[in-house]
Each structure stands twice: as structure tokens, then as C-alpha cells.
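This report concerns only the one structure given below.
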Amino acid sequence: MAKSGTNEEDASAPVTAETKAPKSPNAIPVYRVGVPFLGSTHQFRKNPFKFHLDGYDRYGPIYRTWIEGKNWIVLSGLEANDLVWRNTDMWSYREANAAFAEQLGPGHVTQLDGDPHKKRRQQLKPGFKMEAVMRYLPQMNHAAAELLPAMCEQPINITDAFAELILMTTARTTFRCELSPEMVKTMSHWEHDFIYGTSLRWRRHFYYRRPIYRRMKQQVFAELERILDERLQSKEEPDDNLTAIIKASREAGQPVSRWELINTIYLILLAGIHNTSNLIHWCLLYLCSDLAWTEELRDELTQWDTANFKGMNQFPRLKATIQEVQRLRPGAIIHRLTAARDFEFGGYSVPRGAEIIHVNTLVHFLESVYEEPFKFNPRRYLNGHTYPPKTNGFFGGGTHICLGMNLAMVHTPIILANVIRDYEYRFVSDPTMQVRIGLGQNQIRNQIPAVFTRTRA
């Protein structure tokens, strides 16, 4: 039996007056598991991918469920990805991403809608487009190679250590500034806590009021203010991506306000560093499970040379490793949305104001798309094999696709290539593949320290 609203339905089937009228929102099927009120939340946290796959298999691309004390309409599958990413005017990001406005200001790009969002993205483009990032590739590689030895011969928390490494690399390349080791740790810690808080819904207000969080935030933004003031007082503009943004805005007759400059520094320097470091951590965990593939990858990386870098197709195994881990362990499992207007999907009406869970990564685990979807098999990407773009929800899609995507796509292979080529690593105890699940987050649980040993001078 075909699922309603999917491509499995016979496109030639006759359309009747009865099938034209969408059903009421109250008719959207309800997916309940476990104990009432608590059961769905427990099952979701235990295995979110299986939870939503079961819902999709039972009801198709739209159903209702109760998670964390709230009734949600769930949209999932290829059709949902197409709907959400092609119709960004259908959603109120201001409401769904209110935490970003509360903590970073009402003009923060993540929670803007319509023309203000378009204008801010256009303003930021000179600093985030791929060519703006790639021009620093050799310097990034040099910085990573120079900073990595400090992590050797001592147990480290990989996610935290690599987030700090990314921050220090950025401070030498795409946004040039001087940061003390203490400030690097404070910035990384605050950014981690800030992003975690965005998943807590109403509980975030208590989380953000913690004295340690408020103190770290004050220190971080005082430092950003200091950095900006030093720049404004300097007679020379550093050749980096903040300068590129300022110059482009100036040439367009659209001067950048002080708040926009501070916010832009945050975006270049800090935004997304833990998503990238978490991805690198997962790569290292999965590589431990396939030593034959790891050796093939290490052999390939003997040719790693950013001075003559032409693209990731030069390193198909490195590219395949990252793609496969992005598929298996996306940083954001779901995206929360708020309907900005009435719409129809899958034969049902969805009213304005409805709160939506978009399972943007469900397609990662559909057997109709990926053979043995829960298996780590980077070889599936070799020999020119590709998958449709909307089967990858790692960075989201549409006009609200992740702003820092290009930075992540450069930082990840640089750090991973240097680590695999020049280091061996072991975990202090058996690494866990469990994750701590919130509404949208996929963080490694019970961080297992690792020890790195340099093998190549």
C-alpha cells in the first residue's frame, strides 16, 4: 500500500472531488508509543532515527506525536525536504529560533525571515562563500599541523580539543586576531553551552540564567568588542574575511553597524565549531571500527598537499569518509519550525502557527535510498556513485541552509587528513557510540578521552 503524499502513489490515478479537499489537521494520524505523555519522549531519546522511521513507515510523511510535553506535527522524507527547503516563506524562523534572538540580538541571521534574512545573508556572503574560505586553505593546513602536536601524549576530550583548534586556526586565517589560551577555552565553552541551550525550549531561560553562563557570555562579548575596537583604531585593515564583508558593504553603499560587526565576528570565529569538531570525533570513532578502510585512507593521504589542492575528488576516500559520517551522525537530527501560513501536505491541512518537527535527516536511513543504511560503509560513495541532493540533510537546505557550511567543509578534511596521516590515536577506554538526544541535537555521550601519538615528523 502506497504512503499518502509520496511518489509511490500512481500519478495516473483519477482525481475525484473527494480527494481534492485536504483533510482537517485533526485527521492527521497520531503516532504514540510507550506510556502516555512519557512514552514517545523516551522512545525518541532512546533511538530517534528508529522512532521517526517507524512513524514514517506507519503513516507516511506527515503525522502527529507527543514529545517533551508538546504536540508536534512531524514532516519527514524526500517530499518533506522538498517542501521545507523550496518554500522558506512558509516558515517563521523568528518564532522557531527565538533563542538566537534572545542571546545574540534580534538581527541575528538564524532567526530572520523574508527580506531581512535575504539582506543579511547577502551582506555576509563575501566572508562565507567557498572561494573566500578556500583562499586560506594552505594557511589553515599549516595552522592545524602546527597546533596539533600540543595535543599529543595526554588524554584529551576530542570534541572540546578540536573545537578549540578550529577556533585558533580561524584566528590565524579567515578572521585574524590575537586570542589568549584562556579566552579560547572560554569562547569554546560558552558557544557549546549556548547551542545546547537552544534545544531546551522554555527551560533555556533557566539554563541561560546560570551565573557561569552569564559570566562566560560577558567575557566573550567583551573580547569581541575589544577586537573590533583594535581594528577600528588601526591604520591597516587585515586581509581577512571580515574586511571582505566590510569592503563589499561599503562599495554597495550599505555601511555595517557596530552590532552587525560584532555579530559577524561571532559568526566567523565561533558559530558551528562544535558541530564540526563533533563530526571529526565521529569520524575517528567510526574509523576505529574499520581498520582496513583506515589503512586505505592513510595510504591515500600520503599525497595530501594543500599547495596543489584541486578539490576533494583528489581524495575520494577522505571525501567518502566524511560523507558517510555526515549521513550516520548529523549534528542536527531535526529542525523545529513554526508555520507562517496555512498549507497543505500529504493530503492534510496544516494551520498557521502549527509547531513542526522537520526530520531533515530521515532520508539518511531509508533503505530505498541507502543500502544497509545503519552500516558504516564509505565505499558506497566510491566509483562516482552519488545520491540526490535532498537525501542529505546535514546542513539543511533552501535559503536557510547552514551559513558556515563552506567553513565546515574545509576545516573537517584539513584536520582529519593531518590526524590520520601523521598520528595514531587510542581511546582511554572502549569508545561509546551512544548519543545524548535532545530536540535536534546529536551529541556524543560520556566523552571518552583519547591519546594521540605523532608518527610522522
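Throughout, read-outs are computed from the coordinates displayed, never taken from laboratory work. Everything quoted here is computed from the prediction, not taken from an experiment. Heads up, the Cβs are rebuilt from the backbone with ideal geometry, glycines too, and the neighbour counts pull from every protein chain shown.
Give me the number: length gained by fully extending ARG456 to ALA150, i.e. 0.36 nm times residue separation minus the C-alpha to C-alpha distance, one decimal in nm. Extra length from ARG456 to ALA150 when fully extended: 108.7 nm.
How long is the gain from ILE212 to PHE427 if the chain were fully straight, where each residue apart is worth 0.36 nm and the alpha carbon distance is subtracted? Before the final figure, lay out each step's value.
Numbers: separation 215, 0.36 × 215 = 77.40 nm, distance 2.99 nm.
Stretched out fully, the ILE212 to PHE427 stretch lengthens by 74.4 nm.
Legend: helices of the chain (whole DSSP H runs) are marked when their alpha-carbon atoms reach 24 angstrom or more along the helix axis and their mean Kyte-Doolittle hydropathy is at least -0.5; marked are 405-422. Only beta bridges with both residues in the chain are counted; by DSSP, about 75 percent of them are antiparallel.
Using modelled backbone amide H atoms (1.01 Å from N, in-plane), which distant-in-sequence or interchain residues come within less than 5 Å of GLY107's amide H? Residues meeting the amide H criterion: none.
The Cα atoms of the range 150-250 give a gyration tensor whose axes a ≥ b ≥ c have a/c of 1.5 or more with a/b no greater than b/c, which makes the shape oblate. A straight Cα-to-Cα reach below 14 Å connects LYS185 with the aspartates and glutamates ASP160, GLU164, ASP193, GLU223, residues fewer than 8 places away in its own chain not being considered. Given +1 at the Cβ of Lys and Arg, -1 at the Cβ of Asp and Glu and no other charges, the dipole of the range 130-249 around its Cα centre is 800 debye to the nearest 20.
Note on ASP82 and THR302: the model spin-label points, each 7 Å out from Cα along the C-beta direction, lie 4.7 nm apart. Working from label points 7 Å from Cα in the Cα-to-Cβ sense, the ASN71 to LEU137 distance is 5.3 nm. Loop-located chymotrypsin sites (Phe, Trp or Tyr not before Pro) in the range 296-395 (DSSP state not H, G, I, E or B) with no more than 15 neighbouring Cβ atoms inside 10 Å: PHE374. Only one residue of PRO238, CYS152, ILE262 has its Cα farthest out toward the positive end of the dipole of the range 17-454, where Lys and Arg carry +1 and Asp and Glu -1 on Cβ, and that residue is ILE262.
Between ARG176 and GLU344, what FRET efficiency follows from the Cβ-Cβ distance if R0 is 45 Å, with the result rounded to 0.05?
Values: r = 50 Å, r/R0 = 1.12.
Rounded to the nearest 0.05, the efficiency is 0.35.
Residues of the range 333-355 with an amide N closer than 12 Å to a point placed 7 Å from the Cα of ASP89 along the Cα-to-Cβ direction: 341. Rounded to the nearest 20 debye, the dipole magnitude of the chain is 980 debye, with +1 charges on Lys and Arg beta carbons, -1 on Asp and Glu beta carbons, and the Cα centre as origin. Spacing of the modelled spin labels on HIS385 and GLU295, each 7 Å from Cα toward Cβ, amounts to 2.2 nm.
Dipole orientation for the chain: of the candidates TRP282, GLN111, GLY396, GLN111 has the Cα lying most toward the positive pole (charges on Cβ; Lys, Arg +1; Asp, Glu -1).
What GluC sites (Glu not before Pro) does the range 150-257 have in DSSP loop regions with at most 11 other beta carbons within 10 Å? Before the final figure, lay out each step's value.
Values: sites: GLU153, GLU164, GLU178, GLU182, GLU191, GLU223, GLU225, GLU230, GLU236, GLU251; in loops: GLU153, GLU178, GLU236.
Sites meeting the loop and neighbour criteria: GLU153, GLU178, GLU236.
A DSSP coil position with no more than 11 other Cβ atoms inside 10 Å describes the following trypsin sites (Lys or Arg not before Pro) in the range 277-356: LYS310.
Since only VAL363, ILE195, LEU53 are under comparison, the one whose Cα sits farthest along the positive direction of the charge dipole of the chain, derived from C-beta charges on Lys, Arg, Asp and Glu, is ILE195.
For the chain, the 222 nm mean residue ellipticity estimated from helices alone, with every DSSP H stretch of n ≥ 4 adding -39500 (n - 2.57) and the total spread over all residues, rounds to -14500 deg cm²/dmol.
The separation of the range 118-186 from the range 233-287, counted between C-alpha centres, amounts to 10 Å.
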